[in-house]
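The values are calculated or read from the model by the stated rules, or taken from the named source; none is laboratory data. Keep in mind it's a predicted model, so treat the numbers as computed, not measured. Using ideal geometry, Cβ is built from the backbone for each residue, glycine included, and neighbour counts are taken over all protein chains shown.
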Number of protein chains: 2
Amino acid sequence: MRLSERKISSIMKQRGYKLTPQRRAVLKIIMGSDNHLTPEAIYQSVREEHQNIGLTTIYRTINILSELGLICEVHTAGSGRSYLVRRPLEHHHHLVCSGCNRVVDFSNCDLADIERKLSEGTGFKIEEHLLEFVGICPDCQQTAES
Amino acid sequence: MRLSERKISSIMKQRGYKLTPQRRAVLKIIMGSDNHLTPEAIYQSVREEHQNIGLTTIYRTINILSELGLICEVHTAGSGRSYLVRRPLEHHHHLVCSGCNRVVDFSNCDLADIERKLSEGTGFKIEEHLLEFVGICPDCQQTAES
DNA sequence: ACTATAGATGAAAACCTTTATCGTTTGTAC
DNA sequence: GTACAAACGATAAAGGTTTTCATCTATAGT
């Protein structure tokens, strides 16, 4: 199952959040992009159709979506934060293009072995892991060659 | 080979950076800690013996050490940045205690398989990866129980 | 040792990103 | 339609990091 805009709307309502035009607009931008987007980038995009929206609202909406687990944060993007709609609902990771910021998801992260060895070797009780790959997508490779 | 304070000093000199008392002091704090430290934490520690140092100098020194690859950034630590002296010089990753911030290094990250599959499946030319584990170290587990 | 100078320092200001405040507006349930 | 809790936008505040600039100092050459 993947998240549709309607599905997300319904989840937000269930959890007591109102569905305002502003939130719809932010959702539309995030859902319509294959790339991870910074709050500022989302702001600029939403502004094209919704000139009056405030940056504060972008942050508020992002925080709600993040709290509900509907968007994912990408960590490799320099300093600031950067978000992406959650596409596979199960545990997964990201492969990010350093050229165009496109993100590909993958689910078969086989870290159980490493995790067990580490746990045995150090006595740590392991709680979570962070795994991301960065590379250049086929399109950007071509652009670079030409 | 591990990095000694002398080794780092020599590398900085080679690259045209002067060895000032302030930089020595920052180095001493970073080298003397098993934990990852935020710029602010480094500032506070250095200040205990070097009351006049400015926060600016901390940032400048961190940036140099980072550029020279002598310290590592830890990504799991909430929002801000956090640094640690580079202990294994080879490619490695971190296991971080969420209780006390202690960091354990490990080198045998066996991601070559995943990387190859991903590369074949997506056409991406993979450049780097980010892998970190977070858990609770034995000491902090005990503290939590008692 | 002494001097010249490129580079480093500290204080303050500027920047950028994110969050809090507050009066006004609006979705939603009745 | 109305009432009310929630959300909005503008502005201010709060962090965290970088820039600026006048002063100082580590280093190389004498």
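Can you find a residue in the range B:39-58 that is β-branched (Val, Ile, Thr) and away from DNA strand C (no atom under 13 Å from the Cβ)? Scanning the range B:39-58, I find no residue that is β-branched (Val, Ile, Thr) and away from DNA strand C (no atom under 13 Å from the Cβ), so the answer is no. Looking for whichever is surrounded by 12 or more Cβ atoms within 10 Å (Cβ to Cβ), among the small types (Gly, Ala, Ser) and under 17 Å from residue A:103 (Cα atoms) here; the options are A:10, A:33, A:45. Which one fits? Exactly one residue qualifies, and that residue is A:33. Residue B:27: more than 10 Å from DNA strand D (Cβ to nearest atom), aliphatic (A, V, I, L, M) and either away from chain A (no Cβ under 14 Å) or buried (at least 16 other Cβ atoms within 10 Å of the Cβ) (or both), yes or no? Considered against the rule, which asks whether it is more than 10 Å from DNA strand D (Cβ to nearest atom), aliphatic (A, V, I, L, M) and either away from chain A (no Cβ under 14 Å) or buried (at least 16 other Cβ atoms within 10 Å of the Cβ) (or both), residue B:27 comes out as yes.
Residue check: residue B:56 meets all listed conditions (1) more than 10 Å from every other protein chain (Cβ to nearest Cβ); (2) more than 20 Å from residue A:76 (Cα to Cα); (3) in a loop (DSSP other than H, G, I, E, B); (4) of a type outside the set (A, V, I, L, M) but one, namely (3).
The set of residues from the range B:118-140 being in a helix (DSSP H, G or I) and either more than 7 Å from every other protein chain (Cβ to nearest Cβ) or surrounded by fewer than 16 Cβ atoms within 10 Å (Cβ to Cβ) (or both) comprises B:119, B:120, B:121, B:138, B:139, B:140.
Residue B:34 falls short on exactly one of the conditions (1) more than 13 Å from DNA strand C (Cβ to nearest atom); (2) out of contact with any Lys or Arg (no Cβ under 7 Å at 6 or more places or on another chain); (3) within 14 Å of another protein chain (Cβ to nearest Cβ), and that condition is (2). Restrict the check to the range A:16-31 and report whether at least one residue is within 30 Å of residue B:128 (Cβ to Cβ) and near DNA strand C (Cβ under 9 Å from one of its atoms). Checked the range A:16-31: no residue is within 30 Å of residue B:128 (Cβ to Cβ) and near DNA strand C (Cβ under 9 Å from one of its atoms). Flag set for residue A:79, criterion: among the polar types (S, T, N, Q), at pLDDT below 95 and over 20 Å from residue B:114 (Cβ atoms). Applying a threshold of 7 Å to beta carbon distances and a minimum spacing of six or more residues, or different chains, the list of pairs starting in the range A:66-81 at a residue that is over 14 Å from residue B:80 (Cα atoms) and ending at one that is within 15 Å of DNA strand D (Cβ to nearest atom) and in a loop (DSSP other than H, G, I, E, B) reads A:68/A:15; A:73/A:81.
Residues considered: A:75, A:91. Of these, the only one that is under 28 Å from residue B:74 (Cβ atoms), in a loop (DSSP other than H, G, I, E, B) and touching a strand residue (DSSP E or B) at 6+ places or on another chain (Cβ under 9 Å) is A:75. Among the residues of the range B:26-80, those identified as under 28 Å from residue B:140 (Cα atoms), touching a helix residue (DSSP H, G or I) at 6+ places or on another chain (Cβ under 7 Å) and hydroxyl-bearing (Ser, Thr, Tyr) are B:43, B:45.
When residue B:80 is tested against (1) more than 8 Å from chain A (Cβ to nearest Cβ); (2) small (Gly, Ala, Ser); (3) surrounded by fewer than 18 Cβ atoms within 10 Å (Cβ to Cβ); (4) out of contact with any Asp or Glu (no Cβ under 9 Å at 6 or more places or on another chain), exactly one condition is not met: (4). Residue B:114 falls short on exactly one of the conditions (1) away from DNA strand D (no atom under 16 Å from the Cβ); (2) surrounded by 16 or more Cβ atoms within 10 Å (Cβ to Cβ); (3) modelled with pLDDT of 95 or more, and that condition is (3). Within the range A:59-74, if we keep just the residues that are surrounded by fewer than 18 Cβ atoms within 10 Å (Cβ to Cβ) and within 14 Å of another protein chain (Cβ to nearest Cβ), the residue that is nearest to residue A:21 (Cα to Cα) turns out to be A:59.
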